[in-house]
Amino acid sequence: MRWNAALAIYVLFWVLAAFLVMPFGLRTHDDANAELVQGQVSSAPVNFNPKKVALRATLLSLLLFGAYYANYVYGWLTIESIDITRWF
C-alpha cells in the first residue's frame, strides 16, 4: 500500500471516528441548568471541547486503521472468504 493511499484511508477513519465520539460526554443547557443566550437553541451543548473530541477521534482512528492495515497485510478477511450465496 502506498503511503498516500494509507494516509487517505486514515483520514477517512479519523472523520468517521470524530462523528462517532462527538456526542459522548456532552451536556445541554437543560442538563447543566445553565442560562441560554438570546437566540440560542436549548439543545446546544454547554461543554463542547474540540480538543477532547480530536484526541478521542485520533485514538479510535488509530485503533481502527491498525485493524484495517493488519487485515490488509495478513489477509484475515478477503472478498473470497465472504460467501454471500449461503445467505440467500
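Read-outs throughout are calculated quantities, based only on the coordinates presented, and are distinct from any laboratory measurement. Just so we're clear, the structure is a prediction, and the values are computed from it rather than from any experiment. A quick note on method: Cβ atoms are made from the backbone with ideal geometry, for glycine too, and the neighbour counts reach across all protein chains shown.
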Exercise for the section: Compute the long axis of helix 50-74 from its Cα atoms, compare it with the longest principal axis of the Cα atoms of the chain, and write down the angle in degrees, 0 to 90, nearest 10. Expected result: 10
Completion exercise
With +1 on the Cβ of every Lys and Arg and -1 on the Cβ of every Asp and Glu, the dipole magnitude of the chain about its Cα centre, in debye rounded to the nearest 20, is 260
Handout entry: the range 3-87: relative contact order in percent, alpha carbon pairs under 8 Å with at least 6 residues between
Key = 34
Fill in the blank from the handout: Full extension between Trp3 and Ala70 adds, at 0.36 nm per residue less the Cα distance, a length in nm of 22.6 nm
Fill in the blank from the handout: Over the chain, the sum of -39500 (n - 2.57) across DSSP H runs of at least four, divided by residue number and rounded to 500 deg cm²/dmol, gives at 222 nm -18000 deg cm²/dmol
